[in-house]
Amino acid sequence: MSSIPEEIKKALLEVLAQIPQRVLWKYENELEDIPKNVMVRKWLPQRDILFRCGGVSGVYETLDAEVPVLGLPVSGDQPRNLENLVNAGMAISMDLLSITNYSFLRNVLELLNDKKYKENIETTSKIFKDRPILLEESVVYWTEYVLRHKGAPHLKSHALNLRWYEYFSLGVL
């Protein structure tokens, strides 16, 4: 967030000052004119925070925490992941560089006031968490499995054994 343009930071702070909720903002540098309802820290546990960039780990945390998302995708898989959340009615996505005070406030208020976002994420979370064994037990099992089978080479992808030009299918071209 420290690399976003100054006018975007200003717009975000102005809008956040208008909402009654307390806000957490992970920000690496110093911020000026911070509203009273905004707490800025260099590090925050993202699990329960409303805003996300949209990486796959953040999506899993979102489903686990049952928190609707106002996403600001930046790169990589983030736009696609957020699009999936938007299509499922669990998120609103915004382009970070075209945020205006009005659009940001409108989206924050919609996410907070429209119950469909919370209901959709709660329903999806229940499906996501419905497993035959606890996730922690699964992690322990598979860690021990790999140790028992000396790295479990039989589970490794054969793509690891390909030459780089084979991996990228250059022979097909």
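The values are calculated or read from the model by the stated rules, or taken from the named source; none is laboratory data. Remember, predicted model here, so these are calculated numbers, not experimental data. Methodologically, a virtual Cβ is constructed for each residue, glycine included, from the backbone with ideal geometry; neighbour enumeration extends over all protein chains shown. Side chains included, ligands, DNA and RNA excluded: accessible areas come from the protein's heavy atoms. Shrake-Rupley method; radii C 1.70, N 1.55, O 1.52, S 1.80 Å.
Annotations
For every residue, the table says whether it meets (1) among the small types (Gly, Ala, Ser); (2) in contact (Cβ under 8 Å) with a residue 40 or more places away in the chain; (3) out of contact with any strand residue (DSSP E or B) (no Cβ under 8 Å at 6 or more places or on another chain).
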| residue | (1), (2), (3) |
| --- | --- |
| Leu13 | no, no, no |
| Lys26 | no, no, no |
| Pro45 | no, no, yes |
| Gly55 | yes, no, yes |
| Gly89 | yes, no, yes |
| Met94 | no, no, no |
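- The set of residues from segment 73-88 being open to solvent by less than 40 Å² (accessible area, probe 1.4 Å) and not polar (S, T, N, Q) comprises Pro73, Leu82, Leu85.
A quick yes/no check of all residues on (1) more than 23 Å from Leu135 (Cβ to Cβ); (2) surrounded by 13 or more Cβ atoms within 10 Å (Cβ to Cβ); (3) at pLDDT below 90:
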{"position": "Glu30", "(1), (2), (3)": "yes, no, yes"}
{"position": "Lys36", "(1), (2), (3)": "yes, no, no"}
{"position": "Ile49", "(1), (2), (3)": "no, yes, yes"}
{"position": "Val67", "(1), (2), (3)": "no, yes, yes"}
{"position": "Met90", "(1), (2), (3)": "no, yes, no"}
{"position": "Ser93", "(1), (2), (3)": "yes, yes, no"}
{"position": "Asn107", "(1), (2), (3)": "yes, yes, no"}
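- Segment 95-105 - residue that is in a loop (DSSP other than H, G, I, E, B) and not hydrophobic (A, V, I, L, M, F, W, C) and, of those, least open to solvent (accessible area, probe 1.4 Å): Thr100
- Residues that are under 20 Å from Phe104 (Cα atoms) and in a strand (DSSP E or B) within segment 13-47 comprise Val23, Leu24, Trp25, Lys26, Val38, Met39, Val40, listed in sequence order.
- Some residue of segment 106-114 being more than 18 Å from Leu16 (Cβ to Cβ), touching a Gly at 6+ places or on another chain (Cβ under 6 Å) and of a type outside the set (A, V, I, L, M, F, W, C): no
- Where a residue in segment 62-83 is within 13 Å of Ile121 (Cα to Cα) and part of a loop (DSSP other than H, G, I, E, B) and its partner, wherever it lies, is small (Gly, Ala, Ser) and open to solvent by 30 Å² or more (accessible area, probe 1.4 Å), with Cβ under 9 Å and at least six apart: none
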